[in-house]
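Below: one structure, written as structure tokens.
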Amino acid sequence: MGFPSLSATRDAIADAMRAKADLPAGRVWLLAMLGGAYIALAGFASTVASCNLLAAPETYGLGRCVAGLLFPVGLIMVVVGGGELFTGNCLMPDAVHRGLVTRGELLRNWLLVYAGNFAGALVVSGMLHVSGSFSSGGGTVAAAVIRTASAKAGLGCLEAFTLGIFCNWLVCLAIWLAARAENAAQKAFVLFFPVWIFVASGYEHSVANMYYLSAGLLAAADPVALAASGLPRGVEAALAFPALAGNLFFVTLGNVAGGAIFVSGAYALACGASRREKDRG
């Protein structure tokens, strides 16, 4: 069976964004918390699987590849299982352009989902910390968590913004591909590869960073883990709230641009006015 047309895919995504905008606030919040939690759980598993490989320069590329094998499960759980994710909802501006969603509805959805994602990610990072999971592997996991957070916190504004564009270009492309799939198995398959590319390449995902940065801050509270990270003294100060907020601000802007311009906007230009828009016009 052939793929739906690009215009039909665009219509399907716009309708999905309209449905998201109609959800009650309480339901949006709960689904967004689940979305943030799923991404955090995948992020932790990704770190556990790749921490030793990433620690050595000669196996760094393999480590990125291994990390990318597990992280896509987070987006699969969100899309197939059900959840709200800010980065995916960056496809909503096309629905606004087409008059299906108002600017106020878009802003409401983005704020609720972003806050819910943050809450879900914080809950998971806190639970992992309390459970002692960061201390597994003789402290190698905690050291990797701290190094990851430190690297993200140390990104410059333009770096964070550009890496955010690349990331959500691929994430929203994955969602676009899933919209063209016929069933859950096909959706999971096509979601996997673009996300694998973004993780292996080291791009920046705002929701993932909500987990990584908060986890790094918690892990750095352990002097043993901090020493095992090999980072200089005082690095924990660089993981405080200002660094977290700065990274998230520029990565989030990049994510918005990546989804709204490079996927939603690009395909809108490629499709031109749909039959639905022509009929309305």
### Summary
Here the Cα Rg-to-2.2 N^0.38 Å ratio for the chain is 1.01
### Max mean-square fluctuation residue, GNM over the chain, Cα-Cα springs under 10 Å, options Val96, Val78, Val171
Val96
### Task
Using the Karplus curve 6.51 cos²θ - 1.76 cosθ + 1.60 with θ = phi - 60°, work out ³J(HN,Hα) for each residue of the range 200-217 in order, rounded to whole Hz, and write x for Gly and Pro.
4, 7, x, 7, 10, 10, 4, 5, 4, 5, 4, 6, 4, 6, 5, 5, x, 5
### Query
If you bin every alpha carbon distance in the range 1-155 into 5 Å steps from zero, what whole percent lands in each bin?
2, 9, 14, 17, 16, 13, 11, 9, 6, 3, 0, 0
### Task
In a Gaussian network model over the chain where Cα atoms closer than 10 Å are linked, find which of Arg180, Arg147, Arg98 has the largest mean-square fluctuation.
Arg98
### Query
In whole Hz, what ³J(HN,Hα) sequence does the range 143-148 give by Karplus (6.51, -1.76, 1.60; θ = phi - 60°), x for Gly and Pro?
4, 5, 4, 5, 4, 4
### Query
With θ set to phi - 60° and the Karplus curve 6.51 cos²θ - 1.76 cosθ + 1.60, what are the ³J(HN,Hα) couplings of the range 68-83 in order, to the nearest whole Hz, using x for Gly and Pro?
x, 5, 9, 4, x, 4, x, 5, 4, 5, 5, 6, 7, x, x, x
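Every number in this text was worked out from the coordinates using simple rules, so none of it is lab data. Given the structure is predicted, the values throughout are model-derived calculations rather than measurements.
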